[in-house]
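Participant: Just passing along the structure, written as structure tokens.
The values are calculated or read from the model by the stated rules, or taken from the named source; none is laboratory data. Here the structure is a predicted model, which is why all the values come from computation and not from measurement. Cβ placement follows ideal geometry from the backbone for every residue including glycine, while neighbour counts extend to all protein chains displayed. Note: accessible area is taken over every heavy atom of the protein model, side chains too, but ligands, DNA and RNA are not part of it. Shrake-Rupley method; radii C 1.70, N 1.55, O 1.52, S 1.80 Å.
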Amino acid sequence: MTLKLYNSLTKKKEVFTPLHEGFVSMYVCGPTVYDHPHIGHAKSYVSFDVIVRYLRYLGYKVRYVQNITDVGHLTDNADAGEDKILKRAQRERLEPAELVEIYTRSYFEDMDALNNVRPDISPRATAHIPEQIELVEKLVSEGFAYPSKGSVYFDVQKYKEYGKLSGRKQEELEAGARVEINPEKRNPSDFALWKKAEAGHIMRWRSPWGDGFPGWHLECSAMSMKYLGQTLDIHGGGLENIFPHHECEIAQSEAANKQAFVRYWLHNNMVTVNGQKMGKSLGNFVTLKDAFRKYHPTTIRFFILTTHYRSPLDFSNEALDAADKGLERLHNAVELLRERLNNAKDGETPPHIIEKLAQYKKAFLEAMDEDFNTSGAIAVLFDLSKDVNSLLSDGQEVGRKCLEDIDTFYRQLGGDILGIIPKAFESRQKEESDALGNVMNVVINTRTELRKAKQWQLSDFIRNKLLEIGFVLDDRPDGTTWKKTK
RNA sequence: GGCGGCAUCGCCAAGUGGACUAAGGCCACGGUUUGCAAAACCGUUACCCUGGGUUCGAAUCCCAGUGCCGCCUCCA
């Protein structure tokens, strides 16, 4: 089995082979921390999280770096407008560093809720100013960049391959440029490596060109180089960053290092809301904190993974409700399995089940190997669950080993790789010592007596009333169980 | 205007030349199970946007058309 992934640079699916055997260097563009994360962040980072998890499952030692942009990302485009962090800090009357701290925490909080593994390194742009200045100096001294009135620009003419990722030609860029001509630049498509800080611009650092701050594209080059070396195996990010951000990263890095910057470029597609693009200016941003009020983070994660990462994802209540029900079905099967496991008798796994599990595992891994087809992988979990439900409900005794084998399947593929099956479920509460549990037992026992006496009206009344206040009763052949509704 | 993507069952969504008589989820309708439910299981529902072409063979490749979307401002 071989992992294949779609490389945006070559526009082809390629077999993945890392630069150094057994080791994968991976860099993903992180958030600009000036606001709470939204569902677009969720799609992007859940997608790359599964990629990291899968690479690790395959045995690669992955170093996963994801930056925190806390300076230099301007509002109008990469080279003009106000610094987003600074602007927001002024509005909220906070120190930029304070603002950044608030939203960085908010970011990790939401990513943790989505069950994303933390990056191995989360470098901040402001903590790497010397590295960035050093890179600019190198580019200037080698003739790829030029200072102009306190700022420094990358001279796009000097880097012949500019446009190879985005497919843009320079002439076209100039013709269709919406950006106002900046007289400081030699060429309109030149981009800022370093910007001069005007008086009153409080986010500023000393540099050979005077006080200023780094351009947005620069941090990714400087920091990836520092932690992952001059050639990365994988660089991920959102589709919208292909141009100009990633194109500029390539130019800077390759001009400085004289070698390929990235071997595999991975880009995830965007989120729309009710069929419409989600944009700040459209006012239809859905923050994760809002979304979590309505849907469990795992539901959102699952929903994201039912679509391929390179396909757009439309966020709507209907679609989320459907995902919620689907995930519940999946969870029900696992829960049932684990309950049986709790008081299972010793017993081996029948050969036909071993065989079946092997088939499912193969199908799952084949899907993942095809450019991380999580949708196909999830389908396998549903197929398995159908078999599991049948197995558990046909009245036969199922041995412990068999149940364990199935649970291991769920834990590894559904849990470790996809992150959609929890290690333990919390909704079912059966502890005898628990006060609520005791009360429920009294209620259930009473109702069982009523049912024995065929007092259907009363027992239905109890079941309905409990449902109204958030408890589901489940009359099974072997007794009644209860759980909280979500 | 330039660049790129998408169009598959009522809805969501895989599949990108041959075991496709097209995965999976949601919904709907039958049935099994249940005191009735719930959960679960079984079953039913697609000539793959249109028109040409390539091929022994196309949802999958090519051309044209139609529709939608994204990037080139903000934004993962």
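Participant: For the stretch A:391-406, give me the residue count where each residue is open to solvent by 70 Å² or more (accessible area, probe 1.4 Å) and either assigned to a helix (DSSP H, G or I) or at pLDDT 95 or above (or both).
Facilitator: Qualifying residue count for the region: 4.
Participant: Checking A:Asn441 against (1) assigned to a helix (DSSP H, G or I); (2) within 14 Å of RNA strand B (Cβ to nearest atom), which test does it fail?
Facilitator: So A:Asn441 meets the others, but not (2).
Participant: Name the single residue that is nearest to RNA strand B (Cβ to nearest atom) among those in the stretch A:237-260 being surrounded by fewer than 17 Cβ atoms within 10 Å (Cβ to Cβ) and over 22 Å from A:Thr75 (Cβ atoms). Before you say what the answer is, go through the steps one by one.
Facilitator: Kept after step one, since they are surrounded by fewer than 17 Cβ atoms within 10 Å (Cβ to Cβ), are these residues of the stretch A:237-260: A:239-240, A:243, A:257-260.
Going one step further and asking which of them are over 22 Å from A:Thr75 (Cβ atoms), we end up with A:257-260.
Values: A:Asn257: 23, A:Lys258: 26, A:Gln259: 25, A:Ala260: 21 Å.
Among those that are surrounded by fewer than 17 Cβ atoms within 10 Å (Cβ to Cβ) and over 22 Å from A:Thr75 (Cβ atoms), it is A:Ala260.
Rundown of residues vs (1) at pLDDT 90 or above; (2) more than 21 Å from A:Met111 (Cα to Cα); (3) open to solvent by 30 Å² or more (accessible area, probe 1.4 Å), yes/no style:
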{"site": "A:Thr32", "(1), (2), (3)": "yes, no, no"}
{"site": "A:Asp35", "(1), (2), (3)": "yes, no, yes"}
{"site": "A:Lys61", "(1), (2), (3)": "yes, yes, yes"}
{"site": "A:Thr75", "(1), (2), (3)": "no, yes, yes"}
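Participant: Do you know which residues across the stretch A:364-386 are assigned to a helix (DSSP H, G or I) and either under 20 Å from A:Gly59 (Cβ atoms) or touching a strand residue (DSSP E or B) at 6+ places or on another chain (Cβ under 8 Å) (or both)?
Facilitator: Filtering the stretch A:364-386 down to residues assigned to a helix (DSSP H, G or I) leaves A:364-369, A:374-386.
If the condition is that a residue be assigned to a helix (DSSP H, G or I) and either under 20 Å from A:Gly59 (Cβ atoms) or touching a strand residue (DSSP E or B) at 6+ places or on another chain (Cβ under 8 Å) (or both), then A:Phe364, A:Leu365, A:Glu366, A:Ala367, A:Met368, A:Asp369, A:Thr374, A:Gly376, A:Ala377 are the ones that fit.
Participant: Checking the conditions here, which among A:Leu436, A:Leu450, A:Leu458 is assigned to a helix (DSSP H, G or I), touching a Leu at 6+ places or on another chain (Cβ under 6 Å) and more than 9 Å from RNA strand B (Cβ to nearest atom)? Before you say what the answer is, go through the steps one by one.
Facilitator: Values: A:Leu436 fails: touching a Leu at 6+ places or on another chain (Cβ under 6 Å); A:Leu450 fails: more than 9 Å from RNA strand B (Cβ to nearest atom).
Residue meeting the stated conditions: A:Leu458.
Participant: Let me ask something else about it. Under 7 Å by Cβ, and 6 or more places apart or on different chains, what pairs join a residue from the stretch A:350-374 that is more than 27 Å from A:Glu397 (Cα to Cα) with one that is open to solvent by less than 20 Å² (accessible area, probe 1.4 Å) and polar (S, T, N, Q)?
Facilitator: none
Participant: Where the second residue is not in a helix (DSSP H, G or I) and the first is among the aromatic types (Phe, Trp, Tyr) and lies in the stretch A:312-336, which pairs have Cβ atoms under 8 Å and are six or more apart or on separate chains?
Facilitator: A:Phe315/A:Val271; A:Phe315/A:Thr272; A:Phe315/A:Val273; A:Phe315/A:Asn274; A:Phe315/A:Met278; A:Phe315/A:Val286
Participant: Among the residues of the stretch A:355-391, which ones are away from RNA strand B (no atom under 16 Å from the Cβ) and touching a helix residue (DSSP H, G or I) at 6+ places or on another chain (Cβ under 7 Å)?
Facilitator: Within the stretch A:355-391, the first condition is being away from RNA strand B (no atom under 16 Å from the Cβ), and the residues that meet it are A:355, A:357-358.
Matches in the stretch A:355-391: A:Leu357 only.
Participant: Using beta carbons and a limit of 7 Å, which pairs, at least six apart or on different chains, have the first residue in the stretch A:80-100 and closer than 13 Å to A:Trp216 by Cβ and the second one of a type in the set (Asp, Glu) and surrounded by 14 or more Cβ atoms within 10 Å (Cβ to Cβ)?
Facilitator: A:Ile85/A:Asp70
Participant: For the stretch A:111-127, indicate whether the set of residues that are out of contact with any Gly (no Cβ under 9 Å at 6 or more places or on another chain), acidic (Asp, Glu) and either modelled with pLDDT under 95 or open to solvent by less than 10 Å² (accessible area, probe 1.4 Å) (or both) is non-empty.
Facilitator: no
Participant: Let me ask something else. Give the residue, chosen from A:Arg263, A:Arg293, A:Arg186, that is assigned to a strand (DSSP E or B), away from RNA strand B (no atom under 11 Å from the Cβ) and either modelled with pLDDT under 95 or within 27 Å of A:Tyr153 (Cα to Cα) (or both). Can you show your working first?
Facilitator: Numbers: A:Arg293 fails: assigned to a strand (DSSP E or B); A:Arg186 fails: assigned to a strand (DSSP E or B).
One residue alone meets the criteria, A:Arg263.
Participant: Same structure again: Taking the stretch A:298-312, which residues are open to solvent by 30 Å² or more (accessible area, probe 1.4 Å) and touching a Phe, Trp or Tyr at 6+ places or on another chain (Cβ under 9 Å)?
Facilitator: A:His308, A:Arg310
Participant: Could I ask something else about it? Which condition number in (1) among the hydrophobic types (A, V, I, L, M, F, W, C); (2) part of a helix (DSSP H, G or I); (3) more than 10 Å from RNA strand B (Cβ to nearest atom); (4) surrounded by fewer than 17 Cβ atoms within 10 Å (Cβ to Cβ) is the one that A:Leu413 fails?
Facilitator: Of (1) among the hydrophobic types (A, V, I, L, M, F, W, C); (2) part of a helix (DSSP H, G or I); (3) more than 10 Å from RNA strand B (Cβ to nearest atom); (4) surrounded by fewer than 17 Cβ atoms within 10 Å (Cβ to Cβ), only one is false for A:Leu413: (4).
Participant: Any residue in the stretch A:319-331 that is away from RNA strand B (no atom under 11 Å from the Cβ), more than 16 Å from A:Gly419 (Cα to Cα) and outside the structural domain of A:Ser44 (by TED's automatic domain parsing)?
Facilitator: Quick first cut of the stretch A:319-331, residues away from RNA strand B (no atom under 11 Å from the Cβ) only: none.
No - not one qualifying residue is present in the stretch A:319-331.
Participant: Which one of the conditions (1) in contact with a helix residue (DSSP H, G or I) (Cβ under 7 Å, 6 or more places away or on another chain); (2) among the basic types (Lys, Arg); (3) part of a helix (DSSP H, G or I) does A:Lys325 fail to meet, given that it meets all the rest?
Facilitator: Unmet condition: (1).
Participant: Something else about it: Check off (1) of a type outside the set (Asp, Glu); (2) within 21 Å of the chain's Cα centre (by Cα); (3) more than 6 Å from RNA strand B (Cβ to nearest atom) for A:Asn343 and give me the number that stays unchecked.
Facilitator: A:Asn343 satisfies every listed condition except (2).
Participant: Let me ask you something else. Taking the condition under 23 Å from A:Phe364 (Cα atoms) and touching a residue at least 12 places away in the same chain (Cβ under 8 Å), does A:Gly59 pass?
Facilitator: Working: under 23 Å from A:Phe364 (Cα atoms): yes; touching a residue at least 12 places away in the same chain (Cβ under 8 Å): yes.
Yes; evaluated as a whole, the condition is true for this residue.
Participant: Can you find, within the stretch A:271-290, the residue that is surrounded by the most Cβ atoms within 10 Å (Cβ to Cβ) among those that are of a type in the set (A, V, I, L, M) and near RNA strand B (Cβ under 6 Å from one of its atoms)? Give the steps one after another, and end with the answer.
Facilitator: Filtering the stretch A:271-290 for residues of a type in the set (A, V, I, L, M) gives A:271, A:273, A:278, A:282, A:286, A:288.
Narrowing the set further to residues that are near RNA strand B (Cβ under 6 Å from one of its atoms) leaves A:271, A:278.
Working: A:Val271: 22, A:Met278: 18.
Result: A:Val271.
Participant: Could you count how many residues in the stretch A:1-18 are of a type in the set (A, V, I, L, M) and under 20 Å from A:Leu165 (Cα atoms)? Let's see the steps before the verdict.
Facilitator: First, pick out the residues of the stretch A:1-18 that are of a type in the set (A, V, I, L, M): A:1, A:3, A:5, A:9, A:15.
Then drop every residue that is not under 20 Å from A:Leu165 (Cα atoms), which leaves A:5, A:9, A:15.
Here the count works out to 3.
Participant: Follow-up. Just checking, how many residues over the stretch A:3-58 are assigned to a helix (DSSP H, G or I) and hydroxyl-bearing (Ser, Thr, Tyr)?
Facilitator: Within the stretch A:3-58, the first condition is being assigned to a helix (DSSP H, G or I), and the residues that meet it are A:39-57.
From what is left, the residues that are hydroxyl-bearing (Ser, Thr, Tyr) are A:44-45, A:47, A:54, A:57.
The number of residues fulfilling the criteria is 5.
Participant: Another question about this same structure. Pairs please, first residue from the stretch A:31-51 and farther than 14 Å from A:Met270 by Cβ and within 7 Å of RNA strand B (Cβ to nearest atom), second anywhere and among the charged types (D, E, K, R) and part of a helix (DSSP H, G or I), Cβ atoms under 9 Å, 6+ apart in sequence or on different chains.
Facilitator: Note: pairs meeting the criteria are A:Thr32/A:Lys84.
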